[in-house]
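Shown next, in structure tokens, is the structure this report addresses.
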Amino acid sequence: MDIFDQEIERLTKLVQKSPQDECWILETAWSYGKDHSPLFDSCAGPGNTCVPCLTQVRSSYSTQKRTGYPSLNGFDPTIAAEIAADKRLPGRQDVIKLHHLPVFAEWQRKLAERRLQTQ
């Protein structure tokens, strides 16, 4: 069980205790602060807030790809295109549900692996 599985478990328990607050719980975990979840880290890794997260890439890449996606700040546009094409990812943080969390975990693992390969 890695950190992403632990986060899925933690957030699932919180939502199970208070199902009516699912949106609020997950949006709070998405935002930066004491309740931030690594599932929603920047695509460049923890603490790098200059590169967008998965949801931000998914929502805005398609509208900006013609201009070279200037807000990627050095993040690989090929990977951004892959993220943007993944219809399993929501395009807005306010619609994230528990069933999306394994997709976030899958992408965070892929991104972590790519970071290791490029070091």
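The values are calculated or read from the model by the stated rules, or taken from the named source; none is laboratory data. These numbers come from a predicted model, not from an experiment. Note: ideal-geometry Cβ built from the backbone for every residue, glycine included; neighbour counts use all protein chains shown.
Okay, here's what the table says:
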read-out: In segment 77-101, the residues that are modelled with pLDDT of 95 or more and assigned to a helix (DSSP H, G or I); value: 98, 99, 100, 101
read-out: Members of segment 19-44 that are of a type outside the set (Phe, Trp, Tyr), at pLDDT 90 or above and either out of contact with any helix residue (DSSP H, G or I) (no Cβ under 7 Å at 6 or more places or on another chain) or part of a helix (DSSP H, G or I) (or both); value: 19, 20, 21, 22, 23, 25, 26, 27, 28, 29, 38, 39
read-out: Unique residue being on the phi < 0 side of the Ramachandran plot, surrounded by 13 or more Cβ atoms within 10 Å (Cβ to Cβ) and over 17 Å from the mean Cα position of the chain (by Cα) when the list is 26, 14, 39; value: 14
read-out: Total residues in segment 1-17, condition part of a loop (DSSP other than H, G, I, E, B) and free of Cβ contacts under 8 Å to residues at least 40 places away in the same chain; value: 1
read-out: Enumeration of residues in segment 96-113 that are loosely packed, with under 13 Cβ neighbours inside 10 Å and in contact (Cβ under 8 Å) with a residue 24 or more places away in the chain; value: 97
read-out: Hits in segment 45-59 - residues which are at pLDDT below 75 and either in contact with a Leu (Cβ under 9 Å, 6 or more places away or on another chain) or part of a helix (DSSP H, G or I) (or both); value: 45, 51
